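No value in this document is a laboratory result; all are computed from the given coordinates. Being a predicted model, the structure only gives us computed values, none of them experimental. Here the Cβ positions follow ideal geometry from the backbone for every residue, glycine too, while neighbour counts run over all protein chains shown.
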Ligand SMILES: C[S@@+](CC[C@H](N)C(=O)[O-])C[C@H]1O[C@@H](n2cnc3c(N)ncnc32)[C@H](O)[C@@H]1O
């Protein structure tokens, strides 16, 4: 039996490594595998070992060996790939349950231009999933988001949870610019404004994009280290404050808690806002330190139930928790 198998293996034509990788890509793609589960490392190895564009040539040779008609678009596309310079940005799309897609321009590197805010983080996707299952928390209310980054969570809430107003915020110039572009790219109306007292200058958009009905939207420049009660008073008094993946640096924790304390007394009707923070627990010490510091200033917290349905593609093993803070 074993001999037969060895014989068969010896007779079978051996696949070139690039052919087997191409096949695994094809299978993975057709099986709906997530991008990160495709054999990128093997492809990288092949590209490193190849002195020319052999994997792509293999695709062409395969195409020709099947006796298929020359396909102009295929040759053009391969030519484009070969001539492409490395990009620093890409467009990613996230499908909402309605079938509507959120498309965001993001950085290809997780940290670029000195900030983590140019990519969408798992906790932002997790918080968006939770919000879509708990839309009553946001419906007809004023929402303030801290550290919005690329804007995924806020755009999802603005499109699907009917808030009255939505204020995105961040402190980094490039993040604010990318955020504004992403909001417009998704058809939400962002009126032109001016920078001052924390409200970010809006970039004028050359291309007119179709607009959808949505909440009144603001993008504010809010640095937790610099913000004052007077700045906060200029924003819509929030009924709800949210943030995702903002508990990762013990030094930041103090300033984050500082702004939450200021927000606790800034509502015109004297009521403190509801606060929800989605934390990715990478280092339990950082997470515990956040809870200890909350305790020191008398902010109570509770863990809220996780979303039941997974809508977006992200690391399902990531340890993410949403805390409701009673500020
Ligand atoms: C890890 S990213 C998370 C971005 C987004 N919430 C998400 O989940 O995809 C942290 C965000 O917090 C912002 N941030 C960090 N320090 C800040 C500060 N002192 N004031 C305001 N925003 C800050 C960063 O610019 C960045 O957008």
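Of note:
- Residue list for the stretch 89-128, given a label point 7 angstrom along the Cα-to-Cβ vector of residue 308 and an amide N cut-off under 20 Å: 96-99, 126-128
- Theoretical gain in end-to-end length, residue 317 to residue 42 [0.36 nm per residue, Cα-Cα removed]: 96.6 nm
- Under Stokes-Einstein, with the Kirkwood radius over Cα pairs as Rh, the value for the stretch 89-326 at 10 °C and 1.306 mPa s is 89 µm²/s.
- Using the average count of surrounding beta-carbon atoms within 10 Å as a protection proxy, the listed peptides 234-241, 295-302, 17-24 rank, highest first, as 234-241, 17-24, 295-302.
- Segments 303-311, 116-124, 96-104, 278-286 sorted - mean Cβ within 10 Å per residue, highest first: 116-124, 278-286, 96-104, 303-311
- Estimated distance in nm for a label pair at residue 49 and residue 300, the labels positioned 7 Å out from Cα along Cα-to-Cβ: 6.3 nm
- Simple spin-label estimate for residue 35 and residue 78 in nanometres, 7 Å along Cα-Cβ: 2.3 nm
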